[in-house]
Amino acid sequence: MFTTASPRRRAHLAAIGALAAGLLALTACTGSPAPERTSAGAPDPDATLTVGLVLEPTNLDIRRTNGAALEQILIDNIYEGLVTRTEDNKITERLASAYEVSGDGLTYTFTLHDGITFHDGTALTSADVVASYQAVKTDAGLQGNAQFANVAAITAPDPTTVQITLTKPDQNFLFTLTGPAGLVFKSGDTTDLKTAENGTGPFTLERWTKGSAITFARYEEYWGEKAGVAEVVFEYIPDFTAGVNAALDGTLDVLTAVDPNLVSQLEETGDFTITTGRTTDKATLAFNNAKAPLDDVKVREALRLAIDHEALVEAVGAGETLYGPIPELDPGYEDLSEVAPYDPEKAKQLLADAGHEKLDLTLTIPSFYGTTVAQVLISDFAKVGVTLEVERVEFATWLEDVYTNHDYELSFVLHVEPRDFGNFANPDYYFGYDNAEVQELYAQALSEPDAERSAELLAEAARIVSEDHAADWLYNGATLTALTPAVSGFPKDSINSRIDLAGVTKASD
């Protein structure tokens, strides 16, 4: 997340919107977390929960608009899919009471829960699921269309059963169904999804005051366990200081993405619990593998060895070191710290061997980032003879120059999406990394029906990417959330991606 609205200018750039939407985790920082507190009293079913967020959606059409700002509040709260995912990215049932995957990985059979209704009162049947997914398969403008390329058929054998057949196994298919592509909409619905909704979730959209707040109300006819609060108000506060002030003056019950430089103001009051949440956010120092001098593996390795990753994480204030393209919450994670240990002397030797005892490089970085990462890189690189010039640009410029035109040497951005290793198996991606063995391993991992074996193949591919020094992963980001003692059950991990609020309660005053 960042302090200006994420651009949505072109369809082919849609995927980068989610990347931008989680940017706030970059600045996350905390000291020792405050002790856990219990609620001040019994949960109040009539309570209003007020949550401070940063990035407001540009519209509410989650089918056609990409971005974590939409997924964060709409999935599981307003809209639901057959399956969803937990805070630690495990897949679990949602609208489906059960599902089975055939041994060959080609056929998925889902059984729907009884009594599901859309917010307009219409009963949901398997026909609505078929229509929703058929639209994703055939409409290139819908989110997930590319991920449905291997779908051969979507059928409804009876009103409570859905069967999906693939042309070849896809280990990520179920995970795809936990995102916008898997959401179920009423067949033939004419609701204007940009400003209204007709989902099946535990909340309905009550009102949207653009530029300020979005309010959800509990859906009393919800098919599952009803939400613990009557109303949720998302207050959008793009200024970090203003967000903390809103928490301090009692406007907010929860403040997400707490600025590290301001967290002590909340801790010192004794009125807040600060939680540190895990994410799949990968703070990525991109190398343009297709452009000299970054096309030389010795130069790339030297740059990685020059970075004191542990000191950088300490400077940022939260998160963990990450030496490969797969974070701990994703399949295929492996500790690859031995691949690029801090070794400035070896870095200098590698640069000399590559003919670059002195080297000038430019780092292109979106202007909404803080200065901490750039300052650390300037200092570390200077110790090995690399002069780093930092070019701060507007995000629209970054999208055009770096992401689209690949006109850069080094860049830095936070990649927040889970299971996005495929970027390194795509030679056309802005990294410019082209390794046929990695591409083949990734293809095998996707087509492998056995999840454990698939993860092994991903780990093998990820090690090659790290040993090729295709990029540097400065750290795995974390998010800070401040909660008042009255709030219980608020999610801690992966809240850049989504915040399931059904189980959250607020105690009486």
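See the values below:
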item	result
Subset of region 396-424 (residues that are part of a loop (DSSP other than H, G, I, E, B), at pLDDT 95 or above, in contact with a helix residue (DSSP H, G or I) (Cβ under 7 Å, 6 or more places away or on another chain) and of a type outside the set (D, E, K, R))	TYR408
Filter pass, THR505 being of a type in the set (S, T, N, Q), surrounded by 19 or more Cβ atoms within 10 Å (Cβ to Cβ) and out of contact with any Leu (no Cβ under 8 Å at 6 or more places or on another chain)	yes
Where ASN261 falls short, out of the listed (1) at pLDDT 95 or above; (2) in contact with a Phe, Trp or Tyr (Cβ under 9 Å, 6 or more places away or on another chain); (3) surrounded by fewer than 19 Cβ atoms within 10 Å (Cβ to Cβ); (4) not β-branched (Val, Ile, Thr)	(1)
Region 335-357: number of residues that are over 14 Å from LEU294 (Cα atoms) and part of a loop (DSSP other than H, G, I, E, B)	7
Residue in region 308-316 that is crowded, with 23+ Cβ neighbours inside 10 Å and assigned to a loop (DSSP other than H, G, I, E, B) present	no
Of all residues making up region 76-109, the number that are aliphatic (A, V, I, L, M), buried (at least 20 other Cβ atoms within 10 Å of the Cβ) and under 14 Å from VAL162 (Cα atoms)	4
Cross-chain or 6+ apart pairs with Cβ under 7 Å, region 113-138 first and closer than 15 Å to TYR222 by Cα and of a type in the set (Asp, Glu), then at pLDDT 95 or above and assigned to a loop (DSSP other than H, G, I, E, B)	ASP120/ASN198
Among (1) under 18 Å from VAL339 (Cα atoms); (2) surrounded by fewer than 22 Cβ atoms within 10 Å (Cβ to Cβ); (3) touching a strand residue (DSSP E or B) at 6+ places or on another chain (Cβ under 7 Å); (4) not small (Gly, Ala, Ser), the one test that LEU303 misses	(2)
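A quick yes/no check of all residues on (1) small (Gly, Ala, Ser); (2) in contact with a helix residue (DSSP H, G or I) (Cβ under 9 Å, 6 or more places away or on another chain); (3) more than 15 Å from LEU305 (Cβ to Cβ); (4) surrounded by fewer than 22 Cβ atoms within 10 Å (Cβ to Cβ):
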residue: GLY332; (1), (2), (3), (4): yes, yes, yes, no
residue: ASP353; (1), (2), (3), (4): no, yes, no, yes
residue: THR364; (1), (2), (3), (4): no, yes, yes, no
residue: ASP380; (1), (2), (3), (4): no, yes, no, no
residue: GLU394; (1), (2), (3), (4): no, no, yes, yes
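Residue by residue, here is whether (1) over 18 Å from the mean Cα position of the chain (by Cα); (2) closer than 24 Å to THR251 by Cβ; (3) among the aliphatic types (A, V, I, L, M); (4) crowded, with 24+ Cβ neighbours inside 10 Å holds:
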| position | (1), (2), (3), (4) |
| --- | --- |
| GLY41 | yes, yes, no, no |
| ASP44 | yes, yes, no, no |
| THR48 | yes, yes, no, no |
| GLU56 | no, yes, no, no |
| ILE62 | no, no, yes, yes |
| GLY67 | no, no, no, yes |
| ILE73 | no, yes, yes, yes |
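The values are calculated or read from the model by the stated rules, or taken from the named source; none is laboratory data. Everything numeric here is computed off the predicted structure, so don't read it as measured data. Quick reminder, even Gly has a Cβ in these numbers, built from the backbone with ideal geometry, and neighbours come from all protein chains shown.
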